[in-house]
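Some notes on the structure that comes next.
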Amino acid sequence: MGLPEWLDPLPDAAEQRALDEWAIHERGIPGLDLMERAGTGLADLVGSLVPDGRVVVVCGKGNNGGDGLVTARILRERGRSVDVLLLGDPGELRGDAATNLERLPGAGPLAFDAGALAGAAGIVDAILGTGFSGDPREPAAGAIAAIDAAAGSGALIVACDVPSGVDASTGEIAGAAVKARVTATFNAGKPGLWIEPGKTHAGEVHVIDIGIPAGGPVQARVGLISTRVAALIPRRGRESTKFAAGSVLVCGGSPGLTGAPCMASESAMRAGAGYVTACVPGSLILVFGTKLLEVMTISLPDTDGSLEPRGVEQVLERADRSDAIALGPGLGRTDGAQEFARQLAAAAPVPLLLDADGLNAHAGSLALLADRPAATVLTPHAGELARLLETDSASIGARRLFSARRAAREAQAIVVLKGDDSIVAAPDGRVAVNRGASSALATAGTGDVLSGVIGAYLGKHMDPFAAACAGVLVHGRAGQLCAQEIGPEGVVAGDVIRALPRALTSLL
């Protein structure tokens with residue numbers, strides 16, 4: 001299955017290579033022309049970013065270095081002072097890269113010397129291209145370290161196609177990697193430029209059209225979430241009722257954690273659900289009844305404020321008249337609450353969003369979710385996903401795309417790995433990546449807000465993959481609006497909830 005039209009494709013290294021070969025061999029576009037357009041576009045960008053001063057172009061031996069040589073030629077032809085540093089013997093260049101070495105006017109390339117970077121206004125990293133993965137070896141590793149040191153002295157770093165050392169397909173970094181201010185990438189963005197840790201190293205991403213026609217035979221499996229997905233969110237018509245707008249159950253709550261299900265419930269209402277019911281511990285019902293004026297409440301059996309498995313049947317009875325369940329906010333980690341989550345998740349006949357301690361109840365047991373009778377969406381942060389996959393947070397952070405895909409496959413669920421680069425992975429391997437939200441969302445409770453938003457969209461009978469992507473988009477836009485209005489440092493989850501309606505309107 002290909003990507004939906006509301007995702008902007010991000011071809012990985014193999015997919016981009018296939019597109020290049022198709023353009024050259026099937027559409028008759030010379031590879032030299034593609035390289036010329038890439039290098040010219042990069043030169044245009046460097047000229048605008050670094051209007052004055054000396055530019056140093058550091059070139060590897062492959063086609064990435066060839067792109068850099070075109071950039072150096074164009075800049076020199078425009079009267080700029082440009083030094084070209086080459087890693088390796090010029091005689092080792094082949095094909096189009098060798099041709100562009102011959103075309104270089106003025107002084108020939110110099111062997112790489114870190115000292116030559118001193119005083120440069122701008123540095124172009126054209127060392128390693130999209131085909132690279134793994135740990136850079138010398139002399140590339142030393143050159144990468146020298147470029148990063150020069151950035152600390154004020155040079156503006158522009159990466160050619162992908163920062164050297166970043167895996168273009170995954171965003172993984174195994175060793176040294178250039179940290180660019182800007183990356184000029186060719187034909188289309190690449191997954192590794194938008195997924196951490198590669199995203200941080202890529203800086204601002206500019207896509208340069210190099211003339212590869214549309215309609216190539218390759219279908220990307222990763223895409224950027226566009227605002228077009230917002231058009232899929234059902235809106236209320238004149239004939240709508242509160243039940244037609246979607247009925248959502250929110251299950252959770254425990255002593256000290258009553259705020260989480262409240263925020264999830266309120267955000268589901270603000271996201272457009274017509275009827276929300278909070279299924280919460282009976283001994284805490286006064287807390288919820290006081291807080292949730294627009295939300296119904298159901299008292300469930302509890303022990304000292306923590307839910308117990310004997311309340312599952314009560315929720316299932318209500319689920320027959322509901323459209324989705326959000327399970328986990330504020331649930332707690334008592335044995336009874338965790339068993340409640342496992343039993344309800346296994347039996348719930350409607351789409352289920354699982355978050356927080358609902359996820360922790362399935363630590364090391366993702367396969368239990370694979371046989372659920374309805375769709376499942378998981379919304380872990382890195383620590384929660386680490387517990388689900390029985391690893392550690394650092395491993396998740398280093399391999400975010402791999403980890404999200406693995407969890408989606410094992411659980412047969414949609415997995416939303418939260419972060420500035422929130423990744424939405426489907427069991428069939430399709431992945432959507434968020435362009436970025438706001439640091440305002442880095443505060444307690446915003447994950448509960450996201451749960452409520454996605455829960456509301458599931459309750460509106462959206463496709464689960466689309467619902468998760470739309471939820472990530474609207475949630476992120478709400479955070480951006482809050483940051484603009486009151487500054488990112490002072491935003492709290494309640495601000496984000498109140499901004500949800502405006503966020504959706506702005507996207508439409």
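The values are calculated or read from the model by the stated rules, or taken from the named source; none is laboratory data. Everything quoted here is computed from the prediction, not taken from an experiment. So basically every Cβ, Gly included, is an ideal-geometry build from the backbone, and we count neighbours across all protein chains shown.
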- Query: Which residue pairs have Cβ atoms closer than 7 Å, lie 6 or more positions apart in sequence or on different chains, and pair a first residue in the stretch 261-272 that is assigned by TED's automatic domain parsing to the domain that holds I325 and in a helix (DSSP H, G or I) with a second residue that is buried (at least 24 other Cβ atoms within 10 Å of the Cβ) and charged (D, E, K, R)?
  - Reply: M263/D448; A264/D448
- Item | Test result for R54, surrounded by fewer than 20 Cβ atoms within 10 Å (Cβ to Cβ) and touching an Asp or Glu at 6+ places or on another chain (Cβ under 8 Å) | yes
- Query: Of all residues in the stretch 154-202 being within 25 Å of V56 (Cβ to Cβ), out of contact with any Gly (no Cβ under 8 Å at 6 or more places or on another chain) and surrounded by fewer than 24 Cβ atoms within 10 Å (Cβ to Cβ), which is modelled with the highest pLDDT?
  - Reply: T200
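Applying the selection to the stretch 444-496, what residues are of a type in the set (F, W, Y) and closer than 17 Å to S322 by Cβ?
Y457
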- Query: Pick from L128, L117: which is assigned by TED's automatic domain parsing to the domain that holds G91, in contact (Cβ under 8 Å) with a residue 40 or more places away in the chain, over 18 Å from V55 (Cα atoms) and crowded, with 16+ Cβ neighbours inside 10 Å?
  - Reply: L128
- Query: Say we look at the stretch 422-463 and pick out the residues that are at pLDDT below 95, under 17 Å from the mean Cα position of the chain (by Cα) and surrounded by fewer than 22 Cβ atoms within 10 Å (Cβ to Cβ); which of these is nearest to A394 (Cα to Cα)?
  - Reply: A442
- Task: Return a yes/no flag: does the stretch 442-449 have any residue that is of a type outside the set (V, I, T), touching a Pro at 6+ places or on another chain (Cβ under 7 Å) and within 22 Å of S247 (Cβ to Cβ).
- Result: yes
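Evaluate the following for L316: is it part of a loop (DSSP other than H, G, I, E, B), farther than 30 Å from G198 by Cα, hydrophobic (A, V, I, L, M, F, W, C) and touching a helix residue (DSSP H, G or I) at 6+ places or on another chain (Cβ under 8 Å)?
It is false that L316 is part of a loop (DSSP other than H, G, I, E, B), farther than 30 Å from G198 by Cα, hydrophobic (A, V, I, L, M, F, W, C) and touching a helix residue (DSSP H, G or I) at 6+ places or on another chain (Cβ under 8 Å).
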- Message: Need the failing condition index for G215 against (1) assigned to a loop (DSSP other than H, G, I, E, B); (2) within 19 Å of G65 (Cα to Cα); (3) out of contact with any helix residue (DSSP H, G or I) (no Cβ under 8 Å at 6 or more places or on another chain), just the number.
- Response: (2)
- Query: Taking R372, is it modelled with pLDDT under 95, closer than 27 Å to F243 by Cα and in the same structural domain as I298 (by TED's automatic domain parsing)?
  - Reply: no
- Query: Taking the condition free of Cβ contacts under 8 Å to residues at least 24 places away in the same chain, farther than 19 Å from A114 by Cα and either hydrophobic (A, V, I, L, M, F, W, C) or not assigned by TED's automatic domain parsing to the domain that holds P30 (or both), does A184 pass?
  - Reply: no
- Please tell me if T200 is under 30 Å from H461 (Cβ atoms) and either free of Cβ contacts under 8 Å to residues at least 60 places away in the same chain or in a strand (DSSP E or B) (or both). no
- Restricted to the stretch 243-262, and to residues that are under 17 Å from A324 (Cβ atoms) and among the aliphatic types (A, V, I, L, M), which residue is surrounded by the fewest Cβ atoms within 10 Å (Cβ to Cβ)? A244
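For I298, indicate whether it is hydrophobic (A, V, I, L, M, F, W, C), under 20 Å from P380 (Cα atoms) and either in a strand (DSSP E or B) or at pLDDT below 95 (or both).
no
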- Can you tell me how many residues in the stretch 276-290 are of a type in the set (S, T, N, Q) and within 17 Å of L327 (Cβ to Cβ)? 1
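Confirm whether G253 is closer than 13 Å to G452 by Cβ, of a type outside the set (S, T, N, Q) and in contact (Cβ under 8 Å) with a residue 24 or more places away in the chain.
The answer is no for G253.
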- Those residues of the stretch 273-295 which are β-branched (V, I, T) and part of a loop (DSSP other than H, G, I, E, B), in sequence order: V295
- Qualifying residues in the stretch 300-333 (those that are basic (K, R) and either in contact (Cβ under 8 Å) with a residue 60 or more places away in the chain or crowded, with 20+ Cβ neighbours inside 10 Å (or both)) - the one farthest from P281 (Cα to Cα): R321
- Task: Pick out the one residue from R80, R54 that is more than 24 Å from V205 (Cβ to Cβ) and of a type in the set (D, E, K, R).
- Result: R54
- Identity of the residue in the stretch 334-355, in contact with a strand residue (DSSP E or B) (Cβ under 9 Å, 6 or more places away or on another chain) and in a loop (DSSP other than H, G, I, E, B), that ends up surrounded by the fewest Cβ atoms within 10 Å (Cβ to Cβ): T334
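Looking only at residues in the stretch 46-76 that are among the charged types (D, E, K, R) and part of a loop (DSSP other than H, G, I, E, B), which one is nearest to the chain's Cα centre (by Cα)?
Per the stated criteria, the residue is K61.
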